[in-house]
Structures are given as structure tokens and as C-alpha cells.
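Since the structure comes first, as C-alpha cells, the remarks are kept for the end.
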Amino acid sequence: GSGKTMLIRSVAGLMKQSEGRILYNGKELYKDIDLIPRLSLVIENIGLYPEFSGFKNLKMLADIRKIIDDKQIKSTMEDKRKVRKYSLGMRQKLVLAQAFMENPDVILLDEPTNALDENAVKLIYDLCEKAVQRNAIIVIASHNKEDISQLCDEKYFICEGKCFIEEELF
């Protein structure tokens, strides 16, 4: 309820914030640019097509930009089961696969390790590290202190819609 998800939704272009500005490479979102290019997003309750397989869900998304082919999609995640049969953890893995599969420049992750087992969490940490090595920007909103300590170079806290730099709190 502090505003983390609303901030991520605003940066992603899903809603316009009521106050403040969002700048990306010196350009203001909603004024100079409509969307941040090459951005991916994982938020709570993200839409998946339950009647399709994990592969088909990834393929439909990949077909929009046509950056990756079927072979690359299969290397991300291939599962012939329908998404409706997935556990919560499997659904989370699928949306994370969507977020990383096209090597976006900006990755927004809201509670990325929710419902994941230890091996999947390590995989997400590795994917984040590789994305940072190729100079991607990753924004993570999480209640999980381990996620924050392992993944974040800069830490901000949001309380009642106000943002604080970690040093301001201690």
C-alpha cells in the first residue's frame, strides 16, 4: 500500500502518475515519449492465456517485436501443459521468462521471487546479473530483504507515496 506497484505501473506506461515526472535518457515520459522503448514488466496478476501452453504464451509475445525465434523461445521455457494447470510458482517463472527473453534495456520487476523455490530464485538472480552486465536497468519492488540485498546497487524505500534513499532512513 506504499505505492511501489503504482510507481512501476507508471514507469511502464500503464497509468499516468498524478504528481512528479518520469525521465528516461533525458526525456520525460508522457511528454517527450509515450513509452520507454525495449521495456519489460512483471507485475502482480499479469495476464496469461490459461488455455495455451507456456510456449504459446511466450510465442505470442515474441511475435509482437519479432526479435527472437522459436528456438530462442524454447531455450527460455518450453512446456506443453496448458497454463491453467500451472502452479503459482510455474506462472511466476513464465512471466519472468517473458520479461527476460528478448534482452530488454529496462526490466521492471514487482515481487519477482514470489512463489519461487530456491533454485528458481538463484536463476532469477543470475538472469538479473547477466542483464546488468549488458547494461540493462532493472527496477525491483520487493518486500523480500534478500532480493534487495542481493540484487540492488541503489536502494530506495517508499512509504505513504514518498520515496526515501536508504541513507536518509538510517
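The values are calculated or read from the model by the stated rules, or taken from the named source; none is laboratory data. Note that the structure is a prediction, hence the values are computed from the model and not measured. Counting neighbours? That spans all protein chains shown, and the Cβs are built from the backbone with ideal geometry, glycine included. Just the protein is used for accessible areas: all its heavy atoms, side chains included, with ligands, DNA and RNA removed. Shrake-Rupley method; radii C 1.70, N 1.55, O 1.52, S 1.80 Å.
The table below lists the values:
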read-out: In segment 150-159, residue modelled with the lowest pLDDT [restricted to those that are open to solvent by 60 Å² or more (accessible area, probe 1.4 Å) and closer than 22 Å to Ala12 by Cβ]; value: Cys159
read-out: Selected residue [more than 13 Å from the chain's Cα centre (by Cα) and either open to solvent by 70 Å² or more (accessible area, probe 1.4 Å) or within 20 Å of Met77 (Cα to Cα) (or both)] from Leu41, Leu29, Leu58; value: Leu58
read-out: Subset of segment 15-33 [in contact with a strand residue (DSSP E or B) (Cβ under 8 Å, 6 or more places away or on another chain) and in a loop (DSSP other than H, G, I, E, B)]; value: Arg21, Ile22
read-out: Residues located in segment 87-111, provided they are assigned to a loop (DSSP other than H, G, I, E, B) and either exposed (fewer than 13 other Cβ atoms within 10 Å of the Cβ) or of a type in the set (Phe, Trp, Tyr) (or both); value: Ser87
read-out: Unmet criterion (only one of (1) modelled with pLDDT under 95; (2) not in a helix (DSSP H, G or I)) for Arg84; value: (2)
read-out: Contacts under 7 angstrom Cβ, first residue in segment 44-70 being closer than 20 Å to Leu14 by Cβ and of a type in the set (Gly, Ala, Ser), partner open to solvent by 80 Å² or more (accessible area, probe 1.4 Å) and at pLDDT below 95, 6 or more apart; value: none
read-out: Criterion: among the acidic types (Asp, Glu), closer than 19 Å to Ser2 by Cβ and either open to solvent by less than 30 Å² (accessible area, probe 1.4 Å) or in contact (Cβ under 8 Å) with a residue 12 or more places away in the chain (or both) - qualifying residue of Asp117, Asp147; value: Asp147
read-out: Some residue of segment 125-138 being in contact (Cβ under 8 Å) with a residue 24 or more places away in the chain and more than 25 Å from Ile22 (Cβ to Cβ); value: yes
read-out: Number of the exception - Val132 against (1) over 11 Å from the mean Cα position of the chain (by Cα); (2) β-branched (Val, Ile, Thr); (3) part of a strand (DSSP E or B); value: (3)
read-out: Residues located in segment 127-144, provided they are under 21 Å from Ser10 (Cα atoms) and either open to solvent by 60 Å² or more (accessible area, probe 1.4 Å) or among the hydrophobic types (A, V, I, L, M, F, W, C) (or both); value: Ala136, Ile137, Ile138, Val139, Ile140, Ala141, His143
read-out: Residue among Ile36, Ile73 that is open to solvent by less than 50 Å² (accessible area, probe 1.4 Å), within 22 Å of Ala131 (Cβ to Cβ) and outside any helix (DSSP H, G or I); value: Ile36
read-out: The one condition in (1) part of a loop (DSSP other than H, G, I, E, B); (2) farther than 20 Å from Ser10 by Cβ; (3) open to solvent by less than 60 Å² (accessible area, probe 1.4 Å) that Ile124 fails to fulfil; value: (1)
